[in-house]
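We did not get these values from a lab; they are worked out from the coordinates using the rules stated. All values derive from a computational prediction rather than experimental measurement. Note that each Cβ is placed from the backbone with ideal geometry, even for glycine, and that neighbours are counted across all protein chains shown.
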């Protein structure tokens, strides 16, 4: 328990110091997603689910993480991805979804949402997937309501 508290404290210090520099927030450990959501830094590192399929028709991955102490979550989908820039969009199958509390679901693939996910490392031997991202995600309920997600980063270990 003490190590979890220490890890969370360290993560917050690193997160806030990175935000002040307006740089990409680097994930602090495997199984984290970090991002600035409407100018508020967030760490999603609780109850992470990771699925990666490599080979065949291409590489696919999806992962979901929760913000500790809240019902907020972020879900990232990569379909047929490459190391490098992967554009978000319905035609690509790449998507970022943000669940911001009670009933508010935001999605990069509706109402003109946009953005990209840059895969910086896809290591099939050590089973590590890392990258950065930014997006404008729109509410599924209100086409005029959106959230800007910036300075995103992830580090995922998969099986």
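Using every pair of alpha-carbon atoms in region 110-159, split the distances into 5 Å bins beginning at 0 and state the percent of pairs per bin, rounded to integers.
5, 19, 21, 15, 14, 12, 9, 3, 1
Using a Förster distance of 22 angstrom, determine the FRET efficiency expected from the C-beta separation of residue 140 and residue 62, and round it to 0.05.
Between residue 140 and residue 62 the formula returns 0.75.
Quick one: if you take sqrt(5λ) for each eigenvalue of the C-alpha gyration tensor of region 68-159, what semi-axes come out, biggest first, whole angstrom?
Working through the eigenvalues yields semi-axes of 24, 16, 10 Å.
If each residue of separation counts as 0.36 nm, what is the full-extension length gain between residue 103 and residue 38 once their alpha-carbon separation is subtracted?
Value of the extension gain: 21.6 nm.
If one computes the Cα centroid of region 115-141 and of region 70-94, what distance in Å separates the two points?
After rounding, the separation between the Cα centres reads 6 Å.
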